[in-house]
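Written out below as structure tokens is the structure these notes cover.
The values are calculated or read from the model by the stated rules, or taken from the named source; none is laboratory data. Keep in mind it's a predicted model, so treat the numbers as computed, not measured. Every residue, glycine as well, gets a Cβ built from its backbone with ideal geometry; the counts of neighbours run over all protein chains shown.
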């Protein structure tokens, strides 16, 4: 599977908007979020797995012997909030994707750096 940068941004934005303090998201919540964001459930879960592995969200993925994994997602991490803050603006996101599309696939860290550079230029810091 491929980790799609639009999915990363959409999942983080949705989590920020819909998660409540001290209320973990579990599998049913992920299915609801998949429907809400219009991201296929397999792609949504794949994005969640990668965000967990990358430290952008806090939670656990518990393996089972049966029907797949059980998820207990707590919140965005500090790194997740920082990334989201750099790509929150639709215009910054559009410009970021325009720049990165020239090289094809890039990491989340590169997306963040490009967005930060665009913001810095807009603020006259470069």
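In the set (1) in the same structural domain as residue 15 (by TED's automatic domain parsing); (2) surrounded by 15 or more Cβ atoms within 10 Å (Cβ to Cβ); (3) without any contact (Cβ under 8 Å) to a residue 40 or more places away in the chain, the condition left unmet by residue 96 is number (1). Within the stretch 51-80, being over 20 Å from residue 4 (Cβ atoms) and loosely packed, with under 15 Cβ neighbours inside 10 Å holds for 60, 62, 63, 64, 65, 66, 67, 68, 69, 70, 72, 78. Going through (1) surrounded by 13 or more Cβ atoms within 10 Å (Cβ to Cβ); (2) at pLDDT 95 or above; (3) not assigned by TED's automatic domain parsing to the domain that holds residue 10 one by one, residue 33 falls short only on (3).
For every residue, the table says whether it meets (1) at pLDDT 95 or above; (2) more than 25 Å from residue 112 (Cα to Cα).
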residue	(1), (2)
70	no, yes
80	yes, no
90	yes, no
97	no, no
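Listed here are the residues, each with its yes/no results for (1) touching a residue at least 12 places away in the same chain (Cβ under 8 Å); (2) touching a strand residue (DSSP E or B) at 6+ places or on another chain (Cβ under 9 Å); (3) in the same structural domain as residue 93 (by TED's automatic domain parsing); (4) over 18 Å from residue 106 (Cα atoms).
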| position | (1), (2), (3), (4) |
| --- | --- |
| 22 | no, yes, no, yes |
| 27 | yes, yes, no, yes |
| 38 | no, no, no, yes |
| 51 | yes, yes, no, no |
| 55 | yes, no, no, no |
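Does residue 59 meet the test of being touching a strand residue (DSSP E or B) at 6+ places or on another chain (Cβ under 6 Å) and free of Cβ contacts under 8 Å to residues at least 40 places away in the same chain? So residue 59 fits the description; yes. Residues of the stretch 1-15 that are in contact (Cβ under 8 Å) with a residue 40 or more places away in the chain, closer than 11 Å to residue 76 by Cβ and surrounded by fewer than 20 Cβ atoms within 10 Å (Cβ to Cβ): 13 alone. Looking at residue 18, is it surrounded by fewer than 13 Cβ atoms within 10 Å (Cβ to Cβ) and either free of Cβ contacts under 8 Å to residues at least 40 places away in the same chain or in the same structural domain as residue 108 (by TED's automatic domain parsing) (or both)? No; evaluated as a whole, the condition is false for this residue.
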